[in-house]
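S.K.: Have a look at the structure that comes next, please.
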Amino acid sequence: MLPSHTCRICGTADNHPNFVGREMMFGTREEFEYFQCKCCGCLQIKDIPQDLGRFYPPGYYSLTVTNNNRTSPLRALLLKHRFKNAIFDRGYKLNQFLANFIKMPDLRVDTVLPVEKVLREAGVADFSARFLDIGCGSGSRWLADLRTMGFRHLTGADPFIKSDVHRDGITIYKRHIDEMTGSFDLITLHHSLEHIPDQESAIVSARRLLTPNGVILVRIPIVSSYAWRHYATNWVEMDPPRHLYLHSRESMQLIAEKSGLKLYSTICDSLEFEFYGSEQYLRDIPLTANNSYWLNKENKIFTHDEIEGFKKMARKVNEQGDGGRACFFFRAT
């Protein structure tokens, strides 16, 4: 008889299917038990480690990011006019003229989606919008790109950074989400929700910080995907024990509804990383190993054709709504 576990998302107590995942980002290969709820489908760690901080060492990628996106005042002004057209459909003629002098940067935050598409989907109306990025580490690429576009009300929060960061008009606080104050038009959790022990509390806290017409964007890996079905515990996005929860579409919608939010749009945004990273794990190669393709694209553990195949597969699962990464857009009910 399998032991009974209670799902932290929907409360179902049952003999849920069990899985054992290994820590493979740094290659310690320490094992952690997970179970997948029979009811809502959420895959979750059996016991949340009491010492989560030790799994985010100084070399952890989000704690070492810096953004050097400074630009001249003139270029910043011209870019703002170009993005005004790209995001808000304003200033078309001026944009056509400026296109002769300044090229638009292709801004993508570890996603197939351009930032301007994300902002359109979120209904951002103008440059006065206020942003909060939760779990962004010490240097949020998302906030840096927003600043390049011309936005100025840019805030982040992450409890694992060493201290508050004030850089290039961006402020990132060393705080948990429930310690934040203020009101924001777009609150983002870019691959951070899965790291938070109390899921409902995190979403409720985000809901509390929304302006009346505000939007919460949650980007997470999901088990409602080809990659989970194909790779199981070798799926690179499982990332034990840092990823405490790997939501299904059903469990993500359930926790949002319980928190007073309505899901209005979902977009899959898998990259080839999902496939080459998982293939590395099948070969017992950690992400940070010397021969890791993720660490150094000059490492030839995959052929050119294999990498192209991973890119093609990522596009395919996104088109089919079967990607292992998804963007969920919520509004308050």
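The values are calculated or read from the model by the stated rules, or taken from the named source; none is laboratory data. What you see is a predicted model; the values in this text were computed from it and never measured. Cβ: placed from backbone, ideal geometry, glycine included. Neighbour counts: every protein chain shown.
S.K.: Would you be able to tell me the number of residues in the range 268-284 that are among the aliphatic types (A, V, I, L, M) and at pLDDT 95 or above?
M.R.: 1
S.K.: Do any helices (runs of 4 or more DSSP H) entirely within the range 72-167 hold 1 or more residues that are under 24 Å from Pro212 (Cα atoms), at pLDDT 90 or above and within 18 Å of the chain's Cα centre (by Cα), and if so, which?
M.R.: 115-122, 141-149
S.K.: Among the listed residues Phe310, Phe330, Phe302, identify the single one that is assigned to a strand (DSSP E or B), over 30 Å from Arg54 (Cβ atoms) and not polar (S, T, N, Q).
M.R.: Phe330
S.K.: Follow-up. Working carefully through the options Asp239, Asp185, find the one that is in contact with a Lys or Arg (Cβ under 6 Å, 6 or more places away or on another chain) and charged (D, E, K, R).
M.R.: Residue meeting the stated conditions: Asp185.
S.K.: Which condition number in (1) more than 20 Å from the chain's Cα centre (by Cα); (2) crowded, with 17+ Cβ neighbours inside 10 Å is the one that His230 fails?
M.R.: Of everything listed in (1) more than 20 Å from the chain's Cα centre (by Cα); (2) crowded, with 17+ Cβ neighbours inside 10 Å, His230 misses just condition (2).
S.K.: Inspect the range 306-321 for any residue being buried (at least 20 other Cβ atoms within 10 Å of the Cβ) and either touching a His at 6+ places or on another chain (Cβ under 6 Å) or farther than 16 Å from Trp235 by Cα (or both) and give the result as yes or no.
M.R.: yes
S.K.: Could you please find all residues in the range 292-319 being hydrophobic (A, V, I, L, M, F, W, C) and touching a residue at least 24 places away in the same chain (Cβ under 8 Å)?
M.R.: Phe302, Ile307, Phe310, Met313, Ala314, Val317, listed by residue number.
S.K.: Of the residues in the range 178-198, how many are acidic (Asp, Glu), free of Cβ contacts under 8 Å to residues at least 60 places away in the same chain and either surrounded by fewer than 22 Cβ atoms within 10 Å (Cβ to Cβ) or under 20 Å from His153 (Cβ atoms) (or both)?
M.R.: Total meeting the criteria: 3.
S.K.: Go through the range 242-252 and count every residue that is of a type outside the set (Gly, Ala, Ser) and more than 22 Å from Asp178 (Cβ to Cβ).
M.R.: Selection size over the range 242-252: 3.
S.K.: Still on this structure, I have one more. From the set of residues in the range 18-50 that are closer than 14 Å to Leu246 by Cα and of a type in the set (Gly, Ala, Ser), which is surrounded by the most Cβ atoms within 10 Å (Cβ to Cβ)?
M.R.: Step by step, filter the range 18-50, then rank; the result is Gly21.
S.K.: Yes or no: the range 235-253 includes at least one residue that is over 18 Å from the mean Cα position of the chain (by Cα), part of a loop (DSSP other than H, G, I, E, B), within 29 Å of Pro49 (Cα to Cα) and of a type in the set (D, E, K, R).
M.R.: No: the range 235-253 contains no residue that is over 18 Å from the mean Cα position of the chain (by Cα), part of a loop (DSSP other than H, G, I, E, B), within 29 Å of Pro49 (Cα to Cα) and of a type in the set (D, E, K, R).
The rows are residues; the columns are (1) within 24 Å of Glu279 (Cα to Cα); (2) surrounded by 19 or more Cβ atoms within 10 Å (Cβ to Cβ); (3) hydroxyl-bearing (Ser, Thr, Tyr); (4) in contact with a strand residue (DSSP E or B) (Cβ under 6 Å, 6 or more places away or on another chain).
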residue: Val236; (1), (2), (3), (4): yes, yes, no, no
residue: Pro240; (1), (2), (3), (4): yes, yes, no, yes
residue: His247; (1), (2), (3), (4): yes, yes, no, yes
residue: Ser251; (1), (2), (3), (4): no, yes, yes, no
residue: Leu254; (1), (2), (3), (4): no, yes, no, no
residue: Glu257; (1), (2), (3), (4): no, no, no, no
residue: Tyr264; (1), (2), (3), (4): no, no, yes, yes
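S.K.: Further question: Among the candidates Leu271, Leu263, which residue alone is in a loop (DSSP other than H, G, I, E, B), touching a residue at least 40 places away in the same chain (Cβ under 8 Å) and closer than 30 Å to Ser201 by Cα?
M.R.: Exactly one of Leu271, Leu263 is in a loop (DSSP other than H, G, I, E, B), touching a residue at least 40 places away in the same chain (Cβ under 8 Å) and closer than 30 Å to Ser201 by Cα, namely Leu271.
S.K.: Let me ask something else. Could you tell me which numbered condition Arg249 fails, if it satisfies all but one of (1) touching a Lys or Arg at 6+ places or on another chain (Cβ under 8 Å); (2) in contact (Cβ under 8 Å) with a residue 40 or more places away in the chain; (3) of a type outside the set (Asp, Glu)?
M.R.: (1)
S.K.: Part of a strand (DSSP E or B), small (Gly, Ala, Ser) and either in contact (Cβ under 8 Å) with a residue 60 or more places away in the chain or touching a Ser or Thr at 6+ places or on another chain (Cβ under 8 Å) (or both): is that true of Ser224 in this structure?
M.R.: Criteria not met by Ser224.
S.K.: So, in the range 322-333, of the ones that are of a type in the set (Gly, Ala, Ser) and under 10 Å from Cys268 (Cα atoms), which residue ends up surrounded by the most Cβ atoms within 10 Å (Cβ to Cβ)?
M.R.: Gly324
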